[in-house]
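Participant: Before we start, here is the structure in question, set down as structure tokens.
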Amino acid sequence: MKTFLFPIILQAVLVLLLAPLVSGFIKKLKAHLQMRRGASICQPLFDMTKLLRKDMVISEHASWIFRITPYVVFLTTLSVGLLVPLVSIHVPLSFMGGVLAVIYLLALGRFFMALAGLDTGSAFGGMGSSREMTISAIAEPAMMLAIFTVAITAGSTNLSQMVLVGQESGWKFPDPSHTLAFAALFIVLLAETGRIPVDNPATHLELTMIHEAMVLEYSGPYLALMEWAASIKQFVLMTLLINVFFPFGLGTDWEISSIAPSLMLFTVKLLVLSGLVALVETTNAKLRLFRVPDLLAIAFVLAALALASKFLF
Amino acid sequence: MFYRDPEFGSRMITLMAAAALVTQFLMVGQRILITNIRLFAVQSFLLSGIAITIAWFQNAQHIYLAAALTFVLKVMLVPWFLKRIADRMRTQPEVQPLINAPVSLLLCGGLTLMAYLVAQPLTLDLKREAGFELGHNTLAVAISLLLLGFYLMVSRRKALSQVLALLTMENGVFLAAISLTYGVPFVVEIGIFFDVLVAVMVLGILVYRIGETFESMDVSKLRDLKG
């Protein structure tokens, strides 16, 4: 029982703590790139602990969907966090499913978030929901195709198996098709986490907002849960990108001696990827909403090509 | 050690070639001219990286020089020059393609597949006869860079983005040359480089003139009768 519970608890704690820190780190890095000092890296954590202590205002038109959505969204993203390899090849909940479970659990959370946006009947919520759905309808196939490219190399959609094959073949693992798939998945990461070419995470009241529009009606602890879930989602997608494409140095079991160096290496990779995200955010302007499908079309075509070139060569 | 292993070199080359293909796709989808110029610089940088890798694994000294020339000319000089023209023209920052981005991307996906299919028998023959592996996938990427460059040239309206398309086509030719023959003789290489430099200079002046006369970089205006 101990060997079963220990990985789950450790990974859950890591996901819950590291996710807001990564958001804070990207914000800090962006501030530095724009010659500002920026808030502390721990600011998202402070914000959430403060929100958890506050009262809530809930619209009288809201139904039960509005009330359960924060829990659904938070729990689905957290369980996705337990389905991806983080510091060890062995996934704590690997018996629950592989990469398809990851994609559809995220989709379930998104579905409820869109419902909650519509539920209160405010104009902004509906706008946010329709935009989120439009974008995810193109981003999701691109994400699937990109991940399947790696899954074909590994011969399995089980994430543990994919990472294991990647680690065993060392530098022989990266394939030209992986470059295309990585680029596609990076664009999807920017779109799914509401980063700048698609959505602006820094503003709260702007007509073009997507994620913020959906959670506009939430306050207090519910808002804290939604924000936490959003940062966990970002963290999980980054982890997926790092550990599927660069699985080197991942621990092979759950002993402290192999997890500790693996965690160090993972943090370094995470910092590099966060730097890349901050760089893209600083050097690009936000796209017009009707141009967003163009960007996602690039991701889709790249992912489709990656899969096709896998079969041609 | 792995950095002496020719197979490692082959991996690195195909990875960088695939990354160059990614930049080409970003150029097809991207509408801002300045970003397009930056993407061209990134693509040329990857190309000089490929050249250095080939030089290292083949012990071919003169390819180092080709890589250095690529870096100086195509990563620094040409983008700087094009950016200067774009700044001076002060026209709209968008490139205004004739065909919208999603359709162009799908077409380019098809072109790339075609390039892969065309390159496949060639590379298989090479593998059987000459028995070499180094960058066999690169020919497909080189052909698709060429085709996508053609496509960009046809579908773009502004003179400056057409110059950029011509340059990416040249990148494709360079990639094919170094990945198949491990570098043409040095005199030929120098000739090609100065050819490109002079072409860009002349085209730059031409673009500037078009802009001065028509107050736009749209080449379709050249067809209008004057009087």
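None of the figures in this text is laboratory data; all of them are computed from the coordinates on show. None of these values were measured; they are calculated from a predicted model. As a convention, Cβ positions derive from the backbone with ideal geometry for all residues, glycine included, and neighbour counts pool all protein chains shown.
Participant: What chymotrypsin sites (Phe, Trp or Tyr not before Pro) does region B:168-205 have in DSSP loop regions with at most 11 other beta carbons within 10 Å?
Facilitator: none
Participant: Within chain A, what's the longest stretch lacking GluC sites (Glu not before Pro) that sit in DSSP loops with no more than 16 other Cβ atoms inside 10 Å?
Facilitator: A:61-205
Participant: Another one. Under DSSP H, which helices of chain B have Cα atoms covering 18 Å or more of the helix axis and a Kyte-Doolittle average no less than -0.5?
Facilitator: B:6-29, B:33-58, B:101-129, B:138-155, B:159-181, B:186-214
Participant: So which trypsin sites (Lys or Arg not before Pro) in region A:1-61 end up in coil per DSSP with only 15 or fewer other C-beta atoms within 10 Å?
Facilitator: The qualifying sites are A:Arg36, A:Arg37, A:Arg53, A:Lys54.
Participant: Over 32 Å between C-alpha atoms is what I'm after, so list which of A:Lys30/B:Lys158; A:Lys172/B:Lys83; A:Lys27/B:Lys74; A:Lys310/B:Lys158; A:Lys30/A:Lys54; A:Lys30/A:Lys172 land there.
Facilitator: Flagged as over cut-off: A:Lys30/B:Lys158; A:Lys172/B:Lys83; A:Lys27/B:Lys74; A:Lys310/B:Lys158; A:Lys30/A:Lys172.
Participant: Note down the relative contact order for chain B as a percent, whole number, built from C-alpha pairs under 8 angstrom at least six residues apart.
Facilitator: Taking the mean separation of contacting Cα pairs over the length of chain B, I get 23 percent.
Participant: So for region A:6-70, averaging the separation of alpha carbon pairs under 8 Å that are six or more residues apart and normalising by length, what relative contact order in percent results?
Facilitator: It rounds to 25 percent for region A:6-70.
Participant: Starting from the Cα-Cα distance between A:Ser258 and A:Ile8, subtract it from 0.36 nm times their residue separation and give me the gain in nm to one decimal.
Facilitator: Gain on stretching A:Ser258 to A:Ile8: 88.4 nm.
Participant: Hey, got the dipole for region A:2-312? About the Cα centre, +1 on K and R Cβ, -1 on D and E Cβ, debye to the nearest 20?
Facilitator: Result for region A:2-312 is approximately 560 debye, rounded to the nearest 20.
Participant: In whole Å, how far is the Cα centre of region B:15-37 from that of region A:138-209?
Facilitator: That distance is 18 Å.
Participant: Rounded to the nearest 500, what is the 222 nm mean residue ellipticity of chain A from helices alone, with -39500 (n - 2.57) per DSSP H run of 4+ residues and division by all residues?
Facilitator: One gets -24000 deg cm²/dmol as the mean residue ellipticity at 222 nm.
Participant: To the nearest µm²/s, what D does Stokes-Einstein give for chain A at 4 °C and 1.567 mPa s, using the Kirkwood radius over alpha carbon pairs as Rh?
Facilitator: The Stokes-Einstein estimate is 65 µm²/s.
Participant: Ok, one more. Over all distinct Cα pairs, what is the inverse of the mean 1/r for the protein assembly as shown, reported as the Kirkwood hydrodynamic radius in Å?
Facilitator: Computed over the protein assembly as shown, the radius equals 25.1 Å.
Participant: Net charge near A:Ala62: determine it from the other residues with C-beta under 15 Å of the C-beta of A:Ala62, scoring Lys and Arg +1 and Asp and Glu -1.
Facilitator: -2
Participant: Also, quick follow-up: Taking 45 Å as R0, compute the FRET efficiency from the Cβ-Cβ separation of A:Lys172 and A:Thr203 and round it to 0.05.
Facilitator: 0.50
Participant: How about region A:204-313: which trypsin sites (Lys or Arg not before Pro) there lie in a loop by DSSP and see at most 12 other Cβ atoms within 10 Å?
Facilitator: Passing sites in region A:204-313 are A:Arg288.
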